[in-house]
Amino acid sequence: MCQTRAFTLVEVVVVSALILLASLVAFHTAEIVSQREKEERLRYALLDMRAALDIFFQDSHQNPAISAGQIPRFPKTIDEMLLTKRPVPGGSFYLRRLPLNPMLKNTNWHLVIATITDDITSELVPVITDVRCPDTVTPPDGLNGIPYKDW
């Protein structure tokens with residue numbers, strides 16, 4: 001008489017449950033790692049654009065394209081940062097390209113606008129003072145609990 005060996009139903013269910021549990025943990029970890037990478041790219045994009053804004057403001061004293069009544073000032077548009085060269089020998093553009101927003105996978109950014117008064121014409125001139133992530137991002141909060149729009 002030949003005796004066959006096989007797994008019992010309980011053994012199969014236990015092993016299947018362990019495999020399912022391990023795959024769920026791995027999937028959740030992969031999501032967190034992916035989210036962390038996006039947040040790091042977002043942080044660097046915001047730092048780059050804010051640094052370009054600060055440099056534009058500092059250079060506005062020397063920039064011949066800016067009228068004397070508006071010095072010092074931030075740029076009026078993003079295009080001004082993309083198309084204006086720094087007023088130093090061999091100066092490059094303030095921004096080579098508009099960074100990609102990793103949360104939206106496009107170049108949409110929330111521009112914080114302030115107004116300055118032109119000393120010569122007494123007109124109000126809108127300028128960009130800061131750049132933020134739009135509040136339409138899902139999920140709205142980062143892994144640190146701070147909303148992306150406040151970064």
Conditions (1) in a helix (DSSP H, G or I); (2) closer than 21 Å to residue 34 by Cα -> residue 134 fails only (1)
Can you spot a residue in segment 84-99 that is more than 30 Å from residue 143 (Cα to Cα), in a helix (DSSP H, G or I) and either at pLDDT 90 or above or among the acidic types (Asp, Glu) (or both)? no
Checked against (1) in contact (Cβ under 8 Å) with a residue 60 or more places away in the chain; (2) within 18 Å of residue 125 (Cα to Cα), residue 73 satisfies every condition except (1)
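Taking the conditions exactly as written (closer than 30 Å to residue 143 by Cβ, modelled with pLDDT under 90 and either not in a helix (DSSP H, G or I) or not aromatic (Phe, Trp, Tyr) (or both)), does residue 6 satisfy them or not?
Details: closer than 30 Å to residue 143 by Cβ: no; modelled with pLDDT under 90: yes; either not in a helix (DSSP H, G or I) or not aromatic (Phe, Trp, Tyr) (or both): yes.
So residue 6 fails the test.
Quick one: is residue 71 at pLDDT below 90, surrounded by fewer than 18 Cβ atoms within 10 Å (Cβ to Cβ) and more than 26 Å from residue 147 (Cβ to Cβ)?
Working: at pLDDT below 90: yes; surrounded by fewer than 18 Cβ atoms within 10 Å (Cβ to Cβ): yes; more than 26 Å from residue 147 (Cβ to Cβ): yes.
For residue 71, the condition - at pLDDT below 90, surrounded by fewer than 18 Cβ atoms within 10 Å (Cβ to Cβ) and more than 26 Å from residue 147 (Cβ to Cβ) - is met.
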Residues (part of a helix (DSSP H, G or I) and surrounded by 12 or more Cβ atoms within 10 Å (Cβ to Cβ)) located in segment 59-68: 59
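Which count do you get for residues in segment 95-151 that are among the β-branched types (Val, Ile, Thr) and either in contact (Cβ under 8 Å) with a residue 40 or more places away in the chain or surrounded by 16 or more Cβ atoms within 10 Å (Cβ to Cβ) (or both)? Give the derivation first.
Our first condition is that a residue be among the β-branched types (Val, Ile, Thr); within segment 95-151, this holds for 107, 112-113, 115-117, 120-121, 125, 127-129, 131, 136-138, 146.
This time we only want the ones that are either in contact (Cβ under 8 Å) with a residue 40 or more places away in the chain or surrounded by 16 or more Cβ atoms within 10 Å (Cβ to Cβ) (or both), so: 116, 120-121, 125, 127-129, 131, 137.
Going through segment 95-151 one residue at a time, the tally reaches 9.
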Could you give me the residue pairs with C-beta distances under 9 Å whose first residue belongs to segment 29-53 and is of a type in the set (Gly, Ala, Ser), whose second residue is surrounded by 11 or more Cβ atoms within 10 Å (Cβ to Cβ) and assigned to a helix (DSSP H, G or I) wherever it lies, and which are 6+ apart or on separate chains? 52/81
Please find, within segment 1-49, the residue that is surrounded by the most Cβ atoms within 10 Å (Cβ to Cβ) out of those that are under 23 Å from the mean Cα position of the chain (by Cα) and of a type in the set (Asp, Glu). 39
Considering only segment 74-92, state which residues are more than 21 Å from the chain's Cα centre (by Cα) and crowded, with 18+ Cβ neighbours inside 10 Å. 84
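The values are calculated or read from the model by the stated rules, or taken from the named source; none is laboratory data. Values in this document were obtained by computation on a predicted structure and should not be read as measured data. Every residue, glycine among them, receives a Cβ derived from its backbone with ideal geometry; neighbour counts consider all protein chains shown.
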